[in-house]
Amino acid sequence: MTVIDPRVQEALDGERDPATLPPELREDYARLTGAAALLGAAPATSVADRVMAQIREIRREAPAPRPPNWLLRPVTFRLRPVWTLAVAAAVAAVVFLPLRESATPGAEEGVAQFVGHFPGARSVEVVGSFNDWQRGALALRDEDNDGIWHGAVVLPAGQHEYMFVVDGERWVADPLAGRYVDDGFGAGQQNALLIVRP
């Protein structure tokens, strides 16, 4: 960084007459006052404002983006008879299987009612021997948000072990079941036991 001679600084501050400066300092004084004049004549907009104005101009002139070619191609579906049957079966399964929970049980089936008190829970589901302990098959509902979760399903007659899964993490044996069996993992844990009568 160049240090300004104190006499030039005094002349710039108006404390000294520039004519009293030695010739080599008068050149410095003239360069500094010229630079100050150029800076004073600079436009009021900042560099950032000028750059943003140019970007807006470029965006205005740019053509609108085109969708990719694959979006513009026509789509043709060809279903073979086997695939048509498979699609129809999948649609029927999605539409009609949820009705199984409220369907009338057959001669060797019964309706199992599940009720659990889990205040503050976000979700409760039932897993058991009747659904191979797979989650997502039987979700309970708490329509009035009172912490009482309930649901019903048609099951084959006989004994079924089950547990509640609360918030997807906590496995809880039904405290109201009345009957329990060892879960078989040797930690002293128990599964609730449900007997479904035809």
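Stretched out straight at 0.36 nm per residue, the stretch from Leu39 to Gln190 would grow longer than its current Cα-Cα span by 45.9 nm. Using 0.36 nm per residue and subtracting the Cα-Cα separation, the extra length available between Tyr180 and Asn69 on full extension is 33.7 nm. Net charge near Glu10, counting Lys/Arg +1 and Asp/Glu -1 over other residues with Cβ under 15 Å of its Cβ? Every neighbour counted, the sum reads -2. Grouping the Cα pair distances of the range 105-196 into 5 Å bins from zero gives a pair-distance distribution of 3, 14, 24, 26, 18, 10, 4, 1 percent in increasing distance order.
Other residues lying with their Cβ under 11 Å from the Cβ of Val196 contribute a combined charge of -1, Lys and Arg counting +1, Asp and Glu -1.
Each Lys or Arg adds one and each Asp or Glu subtracts one; over the other residues with Cβ under 11 Å from the Cβ of Leu21, this totals -3. Extension gain, Arg26 to Glu143, is 33.1 nm, computed as 0.36 nm per intervening residue step minus the present C-alpha separation. Distance between the pseudo-spin-label points of His150 and Trp171 (7 Å out from Cα toward the beta carbon): 2.8 nm.
Coordinate-derived values only; no laboratory data. Worth saying up front: this structure is predicted, and the values here are computed from it rather than measured. Quick reminder, even Gly has a Cβ in these numbers, built from the backbone with ideal geometry, and neighbours come from all protein chains shown.
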